[in-house]
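A quick write-up on the structure given underneath.
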Amino acid sequence: MRKIHWVALLVLLALPLAGMAQERKGGFEISPFVGDFTHFASDTLPDSNVWGVNLGYMLGDRFTLEFNWSKLSNAGDEGDIYGLRGLWHFQPD
C-alpha cells in the first residue's frame, strides 16, 4: 500500500511537466513540492521531511502574489509553515 502512495506522489509531481508554462495576467499556478531538511553536525536538530504547495496568482505582466504552505515532520514532531510572497519578474517576455 505504501508503494502505491509513492507512485501516486510521483505521478502528481510529474503532471506539471506535461503542460507548457506561460505567464499571463489573471493566471493561477499550483506547485506541489517534497524535500528534506538536512542539519549539519553542529546542529542538535534531527533531519526533517518537508512537503507542501505553492499557490500563485499573476497580478500583472511583472508581478505575482504567491502563498506557500509547508508541512515539516521529524521524529514524531510536526509543524506547519505559512508564507506570502510578492514576486517581480525581471523579463516577462
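The table below lists the values:
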| quantity | calculated |
| --- | --- |
| Exposure of Glu78 as accessible area (Å², to 10), given a probe of 1.4 Å and all protein chains | 130 |
| Residue-span extension gain [Asp77 to Asn54] - 0.36 nm each, minus C-alpha spacing | 6.0 nm |
| At R0 = 41 Å, FRET efficiency that the Cβ-Cβ distance of Thr38 and Ile4 yields, to 0.05 | 0.90 |
| Sequence-distant residues sharing a close amide H with Phe63 (under 5 Å, placed H) | His89 |
| Positive minus negative residues near Leu55 (Lys, Arg vs Asp, Glu; Cβ under 14 Å) | -1 |
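The values are calculated or read from the model by the stated rules, or taken from the named source; none is laboratory data. Owing to the predicted nature of the structure, the values given are computational and were not obtained by experimental measurement. When we count neighbours, we look across all protein chains shown, and the Cβ atoms used for this are built from the backbone with ideal geometry, even at glycine. The protein model used for the area step is the full one, side chains on, heavy atoms only, and it has no ligands, DNA or RNA in it. Shrake-Rupley method; radii C 1.70, N 1.55, O 1.52, S 1.80 Å.
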